[in-house]
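Let me begin by presenting the structure, written as structure tokens, before commenting on it.
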């Protein structure tokens, strides 16, 4: 059974709550080519984004109010600096929790770690965010699997990732 099928089955067997409805709805939407931000379903990293990130951040990366922030303004800004690139890698590898502000919205949720995914897949997801969803200029250097491997060599907990973000977060839009 696919991940999407498993989510639908779990939602059907669970008590009807906003969370189960939302998860099932987003999983179904992720299967369709809903890329309002202009991303391409065929772009490297798109399938991994849909399978792992879209449930919380939405199929087009626009975020879900009170759940997960949008990913349409900050990834390219992070990717433009060495410490920002580290932040992107650390966030997908080790997750993050705590209060953050994106634009004028506040979020206080826990992003899970995705260290179980290989470095090439994580780099492809980050490049999908930066170049396909956030539409960074082509002059920006894509993230490489080696950058993920370098961060993987120095494990952190989600609280340390949050603290690093506090220090390097780009200025608001």
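Annotations for the structure displayed:
- Just one of (1) at pLDDT 95 or above; (2) outside any helix (DSSP H, G or I) fails for residue 147. It is (2).
- Top-ranked residue of segment 153-170 - restricted to ones that are out of contact with any strand residue (DSSP E or B) (no Cβ under 8 Å at 6 or more places or on another chain) and touching a residue at least 60 places away in the same chain (Cβ under 8 Å), ranked as surrounded by the fewest Cβ atoms within 10 Å (Cβ to Cβ): 167
- For segment 50-64, the candidate set comprises residues that are in a loop (DSSP other than H, G, I, E, B) and out of contact with any strand residue (DSSP E or B) (no Cβ under 6 Å at 6 or more places or on another chain); within that set, the residue that is surrounded by the fewest Cβ atoms within 10 Å (Cβ to Cβ) is 62.
- Residue among 148, 129 that is touching a residue at least 60 places away in the same chain (Cβ under 8 Å) and under 13 Å from residue 91 (Cβ atoms): 129
- Cross-chain or 6+ apart pairs with Cβ under 6 Å, segment 50-63 first and at positive phi and without any contact (Cβ under 8 Å) to a residue 60 or more places away in the chain, then part of a helix (DSSP H, G or I) and surrounded by 19 or more Cβ atoms within 10 Å (Cβ to Cβ): 63/57
- Qualifying residues in segment 158-173 (those that are under 17 Å from the mean Cα position of the chain (by Cα) and in a loop (DSSP other than H, G, I, E, B)) - the one modelled with the lowest pLDDT: 170
The values are calculated or read from the model by the stated rules, or taken from the named source; none is laboratory data. Just so it is clear, the model here is predicted, and its values are computed rather than measured. Note that each Cβ is placed from the backbone with ideal geometry, even for glycine, and that neighbours are counted across all protein chains shown.
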